[in-house]
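Encoded as structure tokens, the structure appears first; notes follow it.
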Amino acid sequence: MKLNKLVIASALALSSLPATLISSAPALADAHTEHAAVSVFDSRVYRDLFGTQVMRDIFSDQALVQHWIEVEVALAKAQAEMGMIPQAAYRSIKQAADEVEIDFDVMRQNTNRVGRGINPLLGQLRKAGDENVATYLHFGSTTQDIMDTATVMQIDKGIKQVRQELQQLALHLADLAEQHKATVMLSRTNGQDAIPTTFGLYLLTYMSELDRHIDRLDEVAARLTVQIGGTVGTLSAYDEQGLELQAGVAKALGFKVPEAPWNPSRDTFAEVVQTLALVNGTFGRIAIDVNNLSRTQILEVQEGEGGASSTMPQKRNPRASEFMGGLTRMASMYNSAAMDMLSHSDTRQGSPWILEWSVIPDSFMVTDQNIHRAQRLFDQLIVNQDRMLENFEASQNYVMSESVMNDLAEKIGRAQAYDVVKDAIADAAPGTHFNDVVRQTPAITDVMNEQEIAAALNPANYLGVAEQTVERAVSRLRAKRG
């Protein structure tokens, strides 16, 4: 959409316009509509960078209200089966639920007055139904029962979506790890060159974390239950039939029965948010690694979808890493908020409950987008194997000192070998290549021949069981997730 000069000028001058003129300013034709977005999740400019459509659909207003309706219908169904309400009443409620066309504008206006959406929804359902609906809808229930159970339904769908995508990504990383199980590269510890490793082993750590995150999601999903307890969890409106009704609603919705009412106990919801934060934490680590490894001076990997600079033609900015890091920081913010979700008092407290309405959907949004970013990153990742080998020369091959020391230890013992290599390095003239240091040290050349020295200086010979470790872990993951 192109903005004309009048629109731009009007927008810039908005703060100085008289109140009587504001409504006629062309820039406001769009800015003051009901659907103007102020969040990155809803922004027509940014939303695809911060969420996915599939997760947006799961946590949309339409989906949320539909779940509220489904819980009300499940409640009526269970009540009718138990004889609490007439079967005709359940049929009327089900028919009204199937036929009602929700007026979201009216719902919003009424919700603004009461602070919860259930009562406004009930009004529209009753209007769409007959006298049975007016009499028996929401019989004996309370707003939090409906809202919490609907949130459980959304979380369950969100977890299933995240789990499926994590599994696909973990299997993709397994393929890449196997492909690069013998691709030699430098490992780095505390920002310094360490010893040789393989890129496959590097990737394996990401794969293993994602696999554990899937287990964590399964664990928290298994703790999801319906919230059917009535006003304070006593189910007193249903006399002795309360527990049976609770079980009936749970069965109708496909969830477990709670052992106790959880109006003030939000630990499972907090656990969901914090588990998602852990998932994002892995992507944050990946983002840091890819960003570092793609530095011009290192250049061992590059993003295939790198972003251009507006002023520097040579730049290939690591956009995936950039956004993965940003999304991870957002998840960390929600992780912190999860602790506040626990701060209920007495039987329930509205303030921390309200926090969930934003934190839970937002957590799923950034997580799903982070997974999609990671998928694209690894789909298009450029691995510069030659540069990985060349970078051993950045330290003049001093990273092979441990290899030489260990081979020398077989000849003269561990303690003496350590001192020999350390002293040789300390005595060498500045700028001397480590290969020359070794060959100019009689304490080494007297006990190691040239073939042994050359083998000890070759990074490919000092990989331990890296390849076997990759093979074992990949095989186990495929058996578990394939």
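So the values come out like this:
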item	result
From the options 332, 351, residue that is among the hydroxyl-bearing types (Ser, Thr, Tyr) and touching an Asp or Glu at 6+ places or on another chain (Cβ under 9 Å)	351
Failed item in (1) touching an Asp or Glu at 6+ places or on another chain (Cβ under 9 Å); (2) farther than 30 Å from residue 247 by Cα, with residue 43 passing the rest	(1)
Members of segment 194-213 found to be in contact (Cβ under 8 Å) with a residue 60 or more places away in the chain and either loosely packed, with under 15 Cβ neighbours inside 10 Å or of a type in the set (S, T, N, Q) (or both), listed by number	194, 197, 198, 208
Those helices (runs of 4 or more DSSP H) lying entirely in segment 48-153 with at least 2 residues in contact (Cβ under 8 Å) with a residue 60 or more places away in the chain, among the charged types (D, E, K, R) and outside the structural domain of residue 237 (by TED's automatic domain parsing)	61-81
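The values are calculated or read from the model by the stated rules, or taken from the named source; none is laboratory data. As the structure is a computational prediction, the values presented were derived from the model and not from experiment. With ideal geometry, Cβ positions are generated from the backbone for all residues, glycine too; neighbour counts draw on all protein chains shown.
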